[in-house]
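Trainee: The following block contains the structure, expressed as structure tokens.
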Amino acid sequence: MWPNTSDTPFLLTGFPGLEEAHPWISIPFIAIYISVLLGNGTLIYLIKDDHTLHEPMYYFLAMLAGTDLTVTLTTMPTVMAVLWVNHREIRHGACFLQAYIIHSLSIVESGVLLAMSYDRFVAICTPLHYNSILTNSRVIKIGFGVVMRGFLSLVPPILPLFWFPYCHSHVLSHAFCLHQDVMKLACADITFNRVYPVVLVVLTFFLDALIIFFSYVLILKTVMGITSGEERAKALNTCVSHISCVLVFYITVIGLTFIHRFGKHAPHVVHITMSYVYFLFPPFMNPIIYSIKTKQIQRSILRLLSV
């Protein structure tokens with residue numbers, strides 16, 4: 001079978017019923033997009049340029065910033081095109097590619113947060129072996145594994161989209177393409193595409209969150225065994241930024257899941273707004289959290305500004 005080559009493009013949707021206000025709605029969106037690009041771009045630059053930040057913890061942070069940056073650059077063009085000039089059409093191939101990148105990077109972000117928790121676990125529970133365990137080559141392998149897990153795991157549900165016939169409405173419910181939106185428009189058996197993502201979420205997001213939780217239980221147990229109150233506080237302080245990012249990410253994931261599962265009677269604009277919160281809030285907050293809570297990042301920013 002050859003891929004479906006329908007000439008009818010999909011139609012993206014902004015905020016239904018608020019089309020007249022789209023130019024005004026675009027103002028906070030562009031402000032957030034610029035903040036995300038500047039914040040995460042600055043983090044990556046600082047980690048690359050400042051040799052004092054050439055440590056596993058900051059390499060993983062650079063991965064997190066890179067993931068957030070790529071998600072933003074993937075969604076921004078279509079969102080702003082819809083809000084600014086009401087350009088709603090998107091070709092099938094471009095739509096499927098956008099959905100693939102968005103969903104893959106969500107799993108990559110979860111994996112990076114897991115890798116960062118492993119870094120904190122090793123640093124606090126086995127500090128004497130930290131440098132021998134988290135070598136540069138091992139950090140590269142972990143990073144490569146996290147990226148491969150994200151992008152390979154999304155191939156099975158995205159690939160069938162190219163072959164599905166689309167005879168229902170071609171109107172999507174967001175200003176960017178999502179797998180769950182596209183598959184509902186297919187005139188085909190989509191059982192696999194319904195079941196696979198549920199299994200994937202359990203094996204990635206849920207399992208990652210569980211491992212992160214247990215790693216912090218062990219970290220807390222180790223910290224409570226430290227006799228010096230000052231050293232205890234210092235050890236816990238190194239985890240605050242990561243815990244904050246984990247909470248921001250997983251609270252938005254849970255919020256989006258609850259809205260989709262139990263908010264069927266909620267206004268459509270609530271579903272759309274929650275989707276934007278999920279894709280924009282973590283990339284917006286992560287650089288702020290690390291800039292406020294991490295002294296090494298603060299010193300690097302001050303050095304950059306004083307040049």
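Derivation of every value follows stated rules applied to the coordinates shown; laboratory data play no part. As the structure is a computational prediction, the values presented were derived from the model and not from experiment. Quick reminder, even Gly has a Cβ in these numbers, built from the backbone with ideal geometry, and neighbours come from all protein chains shown.
Trainee: In bins 10 Å wide, starting from 0, what share of all Cα pairs of region 1-110 does each bin hold, as a percent?
Mentor: Using 10 Å bins, I get a P(r) of 13, 32, 31, 16, 7, 0 for region 1-110.
Trainee: Further question: Expected output is a single nm value to one decimal: the length gained when fully extending between Ile292 and His265, i.e. 0.36 nm times separation in residues minus the C-alpha distance. What is it?
Mentor: Details: separation 27, 0.36 × 27 = 9.72 nm, distance 3.92 nm.
Extending this stretch completely gives an extra 5.8 nm.
Trainee: Evaluate the relative contact order of region 216-293 (contact order divided by residue number), counting alpha-carbon pairs under 8 angstrom at least 6 apart; express in whole percent.
Mentor: Numbers: 30 pairs, mean separation 27.7, N = 78.
Across region 216-293, relative contact order equals 35 percent.
Trainee: Next question. Give me the tail of P(r) for region 77-197 as a percent: Cα-Cα pairs with distance above 22 Å.
Mentor: Details: 3615 of 7260 pairs.
Of the Cα pairs, 50 percent sit more than 22 Å apart.
Trainee: OK, next. Just subtract the alpha-carbon distance of Trp24 and Asn131 from 0.36 nm times their residue separation and send over the number in nm, one decimal.
Mentor: On the way: separation 107, 0.36 × 107 = 38.52 nm, distance 5.11 nm.
Gain on extension, Trp24 to Asn131, equals 33.4 nm.
Trainee: Another one. Among all helices in the chain defined by DSSP H, which have a length of 20 Å or more along the axis from Cα atoms plus a Kyte-Doolittle mean of at least -0.5?
Mentor: 22-49, 56-85, 92-125, 136-153, 207-224, 229-262, 268-293
Trainee: Given an 8 Å cut-off on Cα distances and at least 6 residues of separation, report the relative contact order of region 157-307 as a percent.
Mentor: Relative contact order comes out at 17 percent.
Trainee: Rounded, prolate or oblate: which fits region 91-135, taking a ≥ b ≥ c as square roots of the Cα gyration tensor eigenvalues, rounded meaning a/c under 1.5, else prolate when a/b beats b/c?
Mentor: Note, shape of region 91-135 comes out prolate.
Trainee: Then there's this: Dipole size in debye (nearest 20) for the chain around its Cα centre, Lys and Arg Cβ +1, Asp and Glu Cβ -1? Please report the intermediate quantities before stating the final value.
Mentor: Values: 18 positive and 15 negative charges, 127 e Å.
My answer is approximately 600 debye.
Trainee: Over the Cα atoms of region 105-158, each weighted equally, I'd like the Debye log10 I(q)/I(0) at q = 0.14 Å⁻¹, rounded to two decimals.
Mentor: -0.42
Trainee: Past the 28 Å Cα-Cα mark, which pairs from Lys221/Lys293; Lys48/Lys141; Lys141/Lys184?
Mentor: Numbers: Lys221/Lys293 23 Å; Lys48/Lys141 19 Å; Lys141/Lys184 37 Å.
Distance filter (> 28 Å) returns Lys141/Lys184.
Trainee: For region 63-77 and region 265-291, what is the centre-to-centre distance using only Cα atoms, to the nearest Å?
Mentor: Comparing the Cα centres of region 63-77 and region 265-291, I get a distance of 14 Å.
Trainee: Remind me, relative contact order of the chain in percent, using alpha carbon pairs under 8 angstrom and six or more residues apart?
Mentor: Working: 322 pairs, mean separation 81.1, N = 307.
26 percent.
Trainee: So, one more: Can you compute the modelled spin-label distance between Leu152 and Leu210, with each label point 7 Å from Cα toward Cβ, in nm?
Mentor: Placing both labels 7 Å along Cα→Cβ, they lie 2.1 nm apart.
Trainee: Assuming R0 = 30 Å, what is the FRET efficiency of Gln180 and Lys48, from their Cβ-Cβ distance, to the nearest 0.05? Walk me through the intermediate numbers first.
Mentor: Numbers: r = 36 Å, r/R0 = 1.21.
The pair Gln180/Lys48 has a calculated efficiency of 0.25.
Trainee: Continuing with the same structure: Projected onto the charge dipole of the chain (+1 at Lys/Arg Cβ, -1 at Asp/Glu Cβ, origin at the Cα centre), which of Ala94, Ser35, Thr74 gives the Cα projection farthest towards the positive end?
Mentor: The listed residue farthest towards the positive side: Ser35.
Trainee: Can I ask one more? Please give the charge dipole size of region 1-150, origin at the Cα centre, charges +1 on K and R Cβ atoms and -1 on D and E Cβ atoms. Round to the nearest 20 debye. Show your work: numbers first, answer last.
Mentor: Working: 7 positive and 10 negative charges, 92 e Å.
With Lys and Arg at +1 and Asp and Glu at -1, about 440 debye.
Trainee: With a ≥ b ≥ c the root eigenvalues of the C-alpha gyration tensor of region 131-276, is it rounded (a/c under 1.5), prolate (a/b larger than b/c) or oblate?
Mentor: Working: a/c = 3.24, a/b = 1.91, b/c = 1.69.
It is prolate, given that a/c is not under 1.5 and a/b is the larger ratio.
Trainee: For the chain, what is the Kirkwood estimate of the hydrodynamic radius, computed as the reciprocal of the mean inverse distance between distinct Cα atoms, to one decimal in Å?
Mentor: Details: mean 1/r = 0.0476 Å⁻¹.
By the Kirkwood definition, the hydrodynamic radius is 21.0 Å.
Trainee: For labels at Leu220 and Val171 in the simple 7 Å Cα→Cβ model, what's the distance in nm?
Mentor: With each label placed 7 Å out from Cα toward Cβ, I get 4.8 nm.
Trainee: Using the Cα atoms of region 57-127 to build a convex hull, what is its mean projected area in square nanometres? The partial results should precede the final answer.
Mentor: Details: hull surface 21.6 nm².
Mean projected area of the Cα convex hull: 5.4 nm².
Trainee: Consider all pairwise Cα distances in region 195-307 and report the whole-number % of them above 24 Å. Don't jump to the answer; show the numbers that get you there.
Mentor: Numbers: 2949 of 6328 pairs.
The share of Cα pairs beyond 24 Å in region 195-307 comes to 47 percent.
Trainee: Separate question: Quick one: divide the alpha-carbon radius of gyration of region 23-64 by 2.2 N^0.38 Å and tell me what you get. Numbers along the way, then the final one.
Mentor: Values: Rg = 13.9 Å, N = 42, 2.2 N^0.38 = 9.1 Å.
For region 23-64, the normalised Cα radius of gyration comes out at 1.53.
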